[in-house]
Structures are given as C-alpha cells and as structure tokens.
Amino acid sequence: MMSYFAVNGGTQLSGSVRVNGAKNSVLPILAATILNAGENIIHNCTELRDVQSAVRILSHLGCGIKRQGKTLIVDSSTVSRCDVPEALMREMRSSVIFLGPILARCGQVRLSTPGGCELGPRPIDLHLSALKKLGAEVTLDGGEIICRAGSMRGRDIVLSFPSVGATENIMLAATACAGQTRIINAAREPEIEDLQQFLRTAGACISGGGKSEIVIEGGRSFGRVEHTVMPDRIEAATYLCAAAACRGHIELNSVCPQHIATVISILSDAGCDIKTAQNRVTIRSADRISALPPVQTMPYPGFPTDAQSQLMAAACLAEGTTVFCENIFENRFRQSGELVRMGARIKISGKTAIVDGVRELTGASVRCTDLRGGAALVIAALAAKGESRIYDIEHIDRGYEKIEQAYMSLGGNILRKEE
Ligand code: UD1
C-alpha cells in the first residue's frame, strides 16, 4: 500500500491552526536524554517519523520510553550499549547527533557514517574534528565511526562554519569534559537555545546558546529533567507560505513570532498583511502577492533554508520575478521540476533559482523529493486549479504530523489516500 495526497486546489484557506513542537529541537533533546542516568519528561513532542526513529535508537541503547499524548518519558538509567547500527542510522539523516551524548555517557561510541541524503552529501568533518580537539580518539573504519573518550577535556573550539548539528554535538560531548569548553562561531538557531535550556534544567553549566559563543563548564552530574519543546518555526513558516499562495486568512497559535521574523518580513514585502502578538501570528493575503525581494538562505538569524522551498511555491504565483539563492545545501531545488509540471516557470542555475510568477498553477501528479520540497508541493497543489496527486509523502511525514489535517481544518481540500 502506498499513501498519497489527493488535493483539489483553489480554495481559500481560513481559520486557525496550532503549531506543534519543533522537530529540530526534539531530536537533539532526545539524544541529550542519554546524558543523565535518570528520568526525562519531554512535553510537546510531535509524533513524527524522525521522532519515532530517534525513539528506536534510544530503545536500542537500552532506554525505557513511554509516550503519553505529546509527552515522551525517557528513562536513561538503563543505557546498556554504545553503538547505533546502520539500519537505525539510515532512517534519519540527523542521527549523527547521538555521537556526542553517547560518547559523554559511555566513554565510547560506534556508529555507521550517515552517508548522503536527499539534500546532497552530508559531511560531518566539523563534528569529528571538534571531538578530536576535545581529546577524543576518532577512528573511521569501513563505514563506521569509532570514538573513545580517552583523556577528553574542555577546550576552545572554533567552527569554520556555524553548523547546527556540530554545535549541538559539541555542547553534548563537552558536558562530560572536565574544564571549560568554548564554542566560537557557534550556530545561533533557536533550537540551540532550547537544547541549552534542557541541559541547564538537567544540571549542566552552559551559557551563550543563541549567541555565537557558547561556554560549557563540563563534568557536572545530571539529574531528572522536565522540559517543554519550543514551537516549530519551520512548520509555522510553512503555513504562512500556504496562506500567501492560497490567498488565505489564517491565525497561527503557539508560535514564537521573532523566530520567523525573516519569513514574516519577506511575505509582508510581497503584500501580505501580517500581525504578530505574543504567541500568535495572523496573515491575510487577499490578492495575488507581488514578487518577493531576493531570497538568500543563511544561518540564523538569516532566512532559513528549511523554508526556502515552501516560499518558492508561493513565489510561483506572484506577480513578477523572484530570485532565490540557496547557500546552505546543494540539492535544495529538487522540487522545482515538479512545480514546473504544475505550470510554474522556474530556471535553475547552480545555487540560484529564478521564478517567474504565473497567474495560475494547474493540478498534476507529482512526487516529493524531500521533506520541505514535499511541503512546497502541498502548498502548490492547494493553490492550483484542479486535482493533484502527491506521491512519496513519507518525506513529509518525517517532519509534519498529519499535515493534511491541519490544512483540512483551514478549509483545504486534501485527503490522505491509499493505492
Ligand atoms: C540542521 C537542521 C536542518 C537544517 C540545517 C540548516 C536538524 C535536525 N536539522 O541540519 O533541518 O536545514 O540545520 O539550518 O536540526 N557541514 C559540513 N560539515 C559538517 C557539518 C555540516 O560541511 O561537519 C555543512 C553541511 O553540508 C551543510 C551546512 O554545513 O551544507 C549546514 O549544515 P548544518 O548546519 O550542520 O545542518 P544540520 O545540523 O545537518
């Protein structure tokens, strides 16, 4: 059986939707539960395929896990292994985040190299060189990474690029190092701050999360922790782009407006009327949007690469030409070919995409190429005239919990079907 979305496009979206807990926050936090040999209560954990994969890795390592609604309770007192087998590593491209915490907890770790993914090669050189700098012995052997803690101790680590995953891995590994670790040119994504908050509640001494220098005083003992995961800024950005494409009027609840400031500002420039309150954003897009100012993806606080595809779906229907420049990942325009099948006019040259807006898209049969590209196809199909079928939606399920239900509640005509 294969699932697909059947979409009958062209309806305006209206109503309100509650944004879930952030995928990119819950994954490192789940990995971090290994650090404290005890109970971790994590609220606002969305039911995503990537979260299920992280849970499978935790249970393989020996943790006890219970789910109560949106709360996951992880008992890490029973960790009994320090390896992650290849099959589990392959399920989720960000599973390398387990490297730092397993090393910190067990003194050694063995996992298979993550290899490539749909967005291009996934180097982890920054993760490994930082661990070496902290004193870990790192061996690469036939597709496996083996790390031993050896005589790890805190040091200054300068990142040549503010990698999100590397920053998180260093934060997690450094908790086990005696002395001080400073991460210089750290990633400043809000998810880093959320991880810092989790670690502090568990007893870690860490500061600077969200800024470009993070300081960790390692070697503290960890205890029970209860934490609520921050709202998903990319899910929020996705709905804003959908409203812009479908001339919608929607309200997002449980959202942190400053985390999506760049997305709000660009959509406002395109003519959307956006209002923010403490945990709420409303968007009204009454007319066809105008072309967007040039979109350059950048590390936070720049425009997020994870929202680029969804914004492109909206730009396909704008009046005028929008230029996208993707600076973070190589293969992030893969959905553009599918958008073209729906009538979009897109030209790609290297890391630049030029989108000439059209008045109307038409429904088509399309395939998701990756998570956010898939979310973009759903937006285009909701805005298009006529029926679309969207295949390979398991990509979308990695990062959105039942996205069709959110759109249905906004009046979108979308159903999950089996074939
Ligand atoms: C995280 C997010 C992902 C988002 C990305 C950028 C999670 C689970 N995933 O991914 O959704 O798109 O941030 O905001 O949080 N790089 C290297 N060497 C390394 C590490 C990274 O060259 O050792 C390169 C990558 O190939 C990529 C760039 O740095 O081109 C950004 O990667 P990074 O910030 O590490 O992203 P992730 O943590 O993998």
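List every residue pair whose Cβ atoms lie under 6 Å apart, where the two residues are 6 or more positions apart in sequence or sit on different chains, the first residue falls within the stretch 185-201 and is touching a residue at least 40 places away in the same chain (Cβ under 8 Å), and the second residue, located anywhere, is assigned to a helix (DSSP H, G or I) and near the ligand (Cβ under 10 Å from one of its atoms).
A187/V164; A187/T167; E189/V164; E191/N24; E191/S25; D194/S25; L195/P28; L195/E168
Taking G15, is it under 27 Å from A406 (Cβ atoms) and away from the ligand (no atom under 16 Å from the Cβ)? Step through it out loud before you land on a result.
Numbers: under 27 Å from A406 (Cβ atoms): yes; away from the ligand (no atom under 16 Å from the Cβ): yes.
Answer is yes for this residue.
Does the stretch 1-19 hold any residues that are at pLDDT 95 or above and in contact with a Phe, Trp or Tyr (Cβ under 8 Å, 6 or more places away or on another chain), and which are they?
Selection gives Y4, L13, V17, V19.
Looking for whichever is in contact with a helix residue (DSSP H, G or I) (Cβ under 9 Å, 6 or more places away or on another chain), assigned by TED's automatic domain parsing to the domain that holds T262, crowded, with 23+ Cβ neighbours inside 10 Å and over 19 Å from T262 (Cβ atoms) here; the options are L410, L311. Which one fits?
Values: L311 fails: over 19 Å from T262 (Cβ atoms).
Exactly one residue qualifies, and that residue is L410.
Starting from residues that are under 14 Å from H60 (Cα atoms) and part of a helix (DSSP H, G or I), keep the ones in the stretch 80-107 and report whichever is nearest to the ligand (Cβ to nearest atom).
Quick first cut of the stretch 80-107, residues under 14 Å from H60 (Cα atoms) only: 80-89, 91, 95, 98, 102.
Still in the running and part of a helix (DSSP H, G or I): 86-89, 91, 95, 98, 102.
Details: E86: 19, A87: 19, L88: 16, M89: 14, E91: 13, S95: 9, F98: 12, I102: 17 Å.
Once the filter is applied, the top-ranked residue is S95.
Do the conditions hold for I145, that is, is it among the aliphatic types (A, V, I, L, M), in contact with a Cys (Cβ under 6 Å, 6 or more places away or on another chain) and either in contact (Cβ under 8 Å) with a residue 40 or more places away in the chain or buried (at least 20 other Cβ atoms within 10 Å of the Cβ) (or both)?
Working: among the aliphatic types (A, V, I, L, M): yes; in contact with a Cys (Cβ under 6 Å, 6 or more places away or on another chain): no; either in contact (Cβ under 8 Å) with a residue 40 or more places away in the chain or buried (at least 20 other Cβ atoms within 10 Å of the Cβ) (or both): yes.
The answer is no for I145.
Please specify each residue of the stretch 173-192 satisfying the condition of being within 13 Å of the ligand (Cβ to nearest atom) and in a helix (DSSP H, G or I).
Scanning the stretch 173-192 gives P190, E191, I192.
Which residues, taken from the stretch 314-323, are buried (at least 24 other Cβ atoms within 10 Å of the Cβ) and touching a Gly at 6+ places or on another chain (Cβ under 9 Å)? Don't jump to the end; show me each part of the working.
Let us first name the residues in the stretch 314-323 that are buried (at least 24 other Cβ atoms within 10 Å of the Cβ), namely 314-317, 322.
Scanning the stretch 314-323 gives A315, C316, L317, T322.
Could you identify the single residue in L195, L140 that is assigned to a helix (DSSP H, G or I) and within 28 Å of R81 (Cβ to Cβ)? Spell out the reasoning first.
On the way: L140 fails: assigned to a helix (DSSP H, G or I).
Criteria check complete, one pass: L195.
Of all residues in the stretch 80-94, count the ones that are farther than 10 Å from S53 by Cβ and either more than 23 Å from the chain's Cα centre (by Cα) or in contact (Cβ under 8 Å) with a residue 12 or more places away in the chain (or both).
Just the residues of the stretch 80-94 that are farther than 10 Å from S53 by Cβ, to begin with: 80-87.
Filter again for either more than 23 Å from the chain's Cα centre (by Cα) or in contact (Cβ under 8 Å) with a residue 12 or more places away in the chain (or both), leaving 80-86.
Final tally of qualifying residues: 7.
The values are calculated or read from the model by the stated rules, or taken from the named source; none is laboratory data. Everything numeric in this text was worked out from a predicted model, so none of it was measured. Every residue, glycine as well, gets a Cβ built from its backbone with ideal geometry; the counts of neighbours run over all protein chains shown.
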